[in-house]
Amino acid sequence: MFAEFFDGRNPFDTFFVQRNGDDEDGEDTFTTFHVGGFGSVGFPRGRGGAEGGCRKQDPPVLYDLKVSLEEIYSGCTKKMKISHKRLNPDGKTVRNEDKILTIEVKRGWKEGTKITFPKEGDQTPNNIPADVVFVLKDKPHGVFRREGSDIVYPAKISLREALCGCTVNAPTLDGRTIPMVFKDVLKPGVKRRIPGEGLPYPRTPDQRGDLIIEFEVKFPDRIPPSSKTLLEQILPV
């Protein structure tokens with residue numbers, strides 16, 4: 001890893017280049033972080049070195065851990081391969097060393113959850129290695145959006161369905177479909193809840209949030225004059 005930050009970025013552009021961070025196949029693949037190193041080179045022992053007893057730990061190194069809603073729903077294992085520098089037995093030179101970091105993503109974890117690997121940063125004679133911290137980030141989903149432990153399904157219906165009633169086949173994260181019959185007038189943006197069909201609660205994963213159906217009403221671009229006259233007669237002012 002590295003000892004300094006410049007505007008939140010690593011000054012060495014070869015450090016920690018993420019690969020396969022957005023894997024879509026859901027398989028247990030490695031996310032690899034490559035770290036550019038200095039090989040077996042020596043570092044001078046300054047006043048802040050180990051002999052001086054005033055070593056400071058480098059600031060934490062933060063990286064996004066991207067997960068899908070399905071992975072949050074069921075839980076998953078993520079593996080990251082890192083290459084960091086470690087001191088040789090002589091205490092002066094360093095070597096590059098690979099390591100696999102395993103993260104057990106728990107059901108229902110919220111975006112922003114942090115997973116810390118203490119002192120897995122680069123090690124030199126003059127520093128205390130930084131902690132490596134992965135921050136959970138939700139991947140964009142093609143059907144739902146997340147609101148805490150609830151998931152929102154945007155249901156597009158026609159103006160006729162909004163006024164006269166309709167049936168919405170609401171999908172779930174585990175592949176089921178729940179038919180919901182609505183007979184009342186559905187205004188644009190109105191929401192209806194299906195309890196217990198959302199994501200697990202982080203502290204009580206046996207319980208789940210709700211699936212929220214949010215209605216999007218599609219209005220026609222134009223109305224024939226005859227229909228417009230009829231609508232004027234039957235619709236309230």
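For region 95-137, what % of the accessible area comes from carbon and sulfur atoms, probe 1.4 Å?
Carbon-and-sulfur percentage of accessible area, whole number: 46.
Give LYS85/LYS139; LYS85/LYS137; LYS56/LYS110; LYS78/LYS110; LYS56/LYS137; LYS110/LYS137 a once-over and call out the pairs whose C-alpha atoms are over 20 Å from each other.
LYS85/LYS139; LYS85/LYS137; LYS56/LYS110; LYS56/LYS137
Could you list which residues have their amide H under 5 Å from that of ALA130, counting only those 5 or more apart in sequence or on another chain, with H placed in the peptide plane?
ASP58, GLY121, ASP122
Tell me, what ³J(HN,Hα) does each residue in region 212-220 have, in order and in whole Hz, if you take phi through Karplus 6.51 cos²θ - 1.76 cosθ + 1.60 with θ = phi - 60° and put x for Gly and Pro?
So the Karplus estimates, Gly and Pro as x, are 9, 8, 10, 8, 10, 8, 8, 8, x Hz.
For the pair LYS137 and ASP174, how long in nm is the line joining their label points, each one 7 Å along Cα→Cβ?
Each label point is offset 7 Å from its Cα along the Cβ direction, giving 3.0 nm.
The values are calculated or read from the model by the stated rules, or taken from the named source; none is laboratory data. The structure presented is a predicted model; accordingly, all values stated were derived computationally and were not measured. Note: ideal-geometry Cβ built from the backbone for every residue, glycine included; neighbour counts use all protein chains shown. Remember, those area values only see protein heavy atoms, side chains included, never the ligands or the DNA or RNA. Shrake-Rupley method; radii C 1.70, N 1.55, O 1.52, S 1.80 Å.
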